[in-house]
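The values are calculated or read from the model by the stated rules, or taken from the named source; none is laboratory data. Predicted model only: the values in this text are computed from it and were never measured. Cβ sites come from the backbone with ideal geometry, for glycine too, and all protein chains shown count toward neighbours.
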Amino acid sequence: MIAPRASCPAVVVTPMRRFVVAAIALAAASPLVAAGADDAAPPAPPRQHELLRLLHQDCGSCHGLRLTGGLGPALTPGALKDKPEASLVAAIVSGRRGTPMPPWQPFISEEEARWLVTRLKEGNTDGQ
Amino acid sequence: MANSVRTAWRSVCAAWRALAESGHHRTLACLAASLVASACAQLDVRGTGDLGVVVERERGSLRVVDTSARAALGTIVGLGDLSHASVVYARDGRYAFVFGRDGGLTKVDLLRRAVVARTLQAGNSIGGAITQDGRHVAAQNYEPGGVKVFRADTLEAVADIPAVYGERGERSKVVGLADAPGNRLVFSLYDAGEIWIADLADPARPAITRFRDVGRQPYDALVTPDGRYYVAGLFGEDGLALLDLWHPERGVRRILDGYGQGSEKLPVYKMPHLRGWAIAGDVAYLPAIGRHEVLVVDMRDWRMLAKIPVAGQPVFVIARPDGRQVWVNFAFPDNGRVQVIDAESRQVARTLEPGRAVLHLEFTPRGEAVWISARDDDRVLVYDTSTLAKVASLDAAKPSGIFFTSRAARIGF
């Protein structure tokens with residue numbers, strides 16, 4: 001398998017942060033989260049901001065700044081409509097073999113990928 | 001102040017009406033002509049050899065810059081989606097052609113800082129080229145996959161070359177479009193693994209020569225400065241595809257086959273670009289895809305001379321015009337650094353940290369300075385290439401590509 005190099009500054013979600021985030025999510029369980037998977041909890045707002053910037057700027061170098069596609073496919077709600085959430089999350093976290101899509105797992109956790117997929121399917125990636 | 005302007009305007013209007021009513025139409029025509037002439041006179045009489053543009057990718061605008069004054073002269077707006085935009089120049093160095101991601105092709109005037117012509121020519125585009133004679137520009141498109149040719153003066157469509165392949169007539173994304181001597185265009189088909197030459201002797205009916213099975217997933221390409229060789233990088237294989245444009249009948253051959261020697265590639269967070277070639281004497285410097293290396297190749301026999309370890313995965317590897325230094329920027333997450341390789345010792349001489357998310361670098365025509373875009377700092381930094389000291393810094397909104405008019409005279413740009 002493709003292994004990320006050791007010096008990658010992995011994004012660490014501390015147990016404490018997870019707890020706080022989960023608590024907030026429980027307190028204000030939005031329909032968005034409830035509709036998603038079991039333990040999905042939205043990342044903290046500053047992290048959301050970082051993830052959306054990463055999405056547009058870095059994912060955007062192949063998928064387009066406006067996510068309308070490039071070397072990689074379009075990530076617009078229409079393009080993702082029939083794609084299962086799990087497979088999209090897996091593509092982000094583990095990459096897609098045989099294509100240039102790299103595994104983003106050193107930088108994006110599975111929970112964060114799920115949150116991004118939800119936002120992408122809603123076409124709601126401009127905020128923050 | 002406002003009142004006096006209004007009063008003056010009113011008297012001009014009154015005079016105009018009086019002349020019109022008394023039938024002095026010729027006088028009016030002269031007046032109009034002199035107004036236009038005085039507006040024209042406000043345009044600086046100047047050359048364009050030290051001008052250039054910086055792409056502001058999110059805003060869809062260009063900053064027009066002066067590399068002598070190290071200053072911005074103005075902004076041209078309304079160019080659409082400029083993520084992954086590229087620019088080629090008319091041979092007069094005054095007009096630039098901007099290829100946007102959204103398929104927009106825009107001709108702009110650097111002196112007037114204005115859009116001259118614009119067309120939406122495709123759904124998703126990646127760049128373009130201008131022919132040797134300067135009469136046509138060509139766009140390379142992802143959607144619909146192919147190349148389209150336009151008149152350089154009016155942007156009127158001249159020819160459409162769909163990148164059709166396979167038995168079911170699928171269309172491939174087109175990458176690595178370059179101009180070559182003889183008014184030819186050369187490009188690669190990412191999905192098909194092919195290289196095509198389009199001869200524009202008759203621009204409306206391009207004659208196509210196809211080379212099949214050149215390797216999996218060609219992702220970008222370059223033409224050597226003399227216009228002789230076309231080299232395509234392959235994402236799907238360890239190696240590059242080489243076409244000798246003096247002898248296309250000899251076909252495409254593989255060079256640097258297996259340069260990774262079987263070691264697993266790292267994940268690639270940004271595709272390298274080959275177009276900003278780095279060629280110094282008989283030696284070419286190329287980004288190794290998925291590796292923290294710059295490859296050094298002897299162009300006489302296309303053998304590997306060395307692999308230079310660098311700070312990340314190279315994106316642009318560009319030689320200073322005199323070939324004495326080679327500058328390298330890197331893919332995410334190492335995109336805050338730029339390294340300077342000494343061409344003689346083939347070692348990294350200096351590591352610079354110009355800013356956050358360095359996307360591109362461009363040398364001034366004779367290379368005494370290099371301009372570097374730092375997207376996340378909204379800055380363009382200028383470095384002196386002999387002292388390696390930062391000498392200027394300019395504001396630009398999310399800057400990406402930097403293109404100086406000296407490209408107008410270079411094959412493959």
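Overview of results
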quantity: Test for residue B:291: is it within 14 Å of another protein chain (Cβ to nearest Cβ) and either over 20 Å from residue B:346 (Cα atoms) or touching a Gly at 6+ places or on another chain (Cβ under 8 Å) (or both); calculated: yes
quantity: Out of B:114, B:122, B:139, sole residue that is in contact (Cβ under 8 Å) with a residue 12 or more places away in the chain and surrounded by fewer than 17 Cβ atoms within 10 Å (Cβ to Cβ); calculated: B:114
quantity: Filter result for residue B:59 (within 13 Å of chain A (Cβ to nearest Cβ), surrounded by fewer than 23 Cβ atoms within 10 Å (Cβ to Cβ), touching a residue at least 40 places away in the same chain (Cβ under 8 Å) and assigned to a loop (DSSP other than H, G, I, E, B)); calculated: yes
quantity: Number of positions in the stretch A:101-124 that are away from chain B (no Cβ under 14 Å) and closer than 22 Å to residue A:70 by Cβ; calculated: 9
quantity: Evaluation of residue A:98 against (1) surrounded by 14 or more Cβ atoms within 10 Å (Cβ to Cβ); (2) at the interface with chain B (Cβ under 9 Å from one of its Cβ atoms) (one fails), failing number; calculated: (1)
quantity: Matching strands (runs of 3 or more DSSP E) fully within the stretch B:302-373 where at least 1 residues are within 14 Å of another protein chain (Cβ to nearest Cβ); calculated: B:303-309, B:314-319, B:325-330, B:358-363
quantity: Pair list, Cβ < 9 Å and 6+ apart or interchain, from the stretch B:275-289 residues that are at positive phi to residues that are assigned to a loop (DSSP other than H, G, I, E, B) and at pLDDT 90 or above; calculated: B:281/B:299; B:281/B:323; B:281/B:343
quantity: So residue B:182, is it under 23 Å from the mean Cα position of the chain (by Cα) and surrounded by fewer than 20 Cβ atoms within 10 Å (Cβ to Cβ); calculated: yes
quantity: Members of the stretch B:263-287 found to be away from chain A (no Cβ under 14 Å) and of a type in the set (Gly, Ala, Ser), listed by number; calculated: B:276, B:278, B:280, B:281, B:284
quantity: Extreme residue, surrounded by the fewest Cβ atoms within 10 Å (Cβ to Cβ), among residues of the stretch B:377-413 that are charged (D, E, K, R) and not in a helix (DSSP H, G or I); calculated: B:395
quantity: Residue identified as farther than 26 Å from residue B:100 by Cα, at pLDDT below 95 and not in a loop (DSSP other than H, G, I, E, B) among A:42, A:46; calculated: A:46
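Conditions (1) over 15 Å from residue B:242 (Cβ atoms); (2) at pLDDT 95 or above; (3) part of a loop (DSSP other than H, G, I, E, B), marked per residue:
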{"residue": "B:160", "(1), (2), (3)": "yes, yes, no"}
{"residue": "B:167", "(1), (2), (3)": "yes, no, yes"}
{"residue": "B:176", "(1), (2), (3)": "no, yes, no"}
{"residue": "B:185", "(1), (2), (3)": "yes, yes, no"}
{"residue": "B:198", "(1), (2), (3)": "yes, yes, no"}
{"residue": "B:201", "(1), (2), (3)": "yes, yes, yes"}
{"residue": "B:205", "(1), (2), (3)": "yes, yes, yes"}
{"residue": "B:208", "(1), (2), (3)": "yes, yes, no"}
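For (1) surrounded by fewer than 18 Cβ atoms within 10 Å (Cβ to Cβ); (2) touching a His at 6+ places or on another chain (Cβ under 6 Å), each residue gets a yes or a no:
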| residue | (1), (2) |
| --- | --- |
| B:274 | no, no |
| B:280 | no, no |
| B:287 | no, no |
| B:296 | no, no |
| B:302 | yes, no |
| B:310 | no, yes |
| B:338 | no, no |
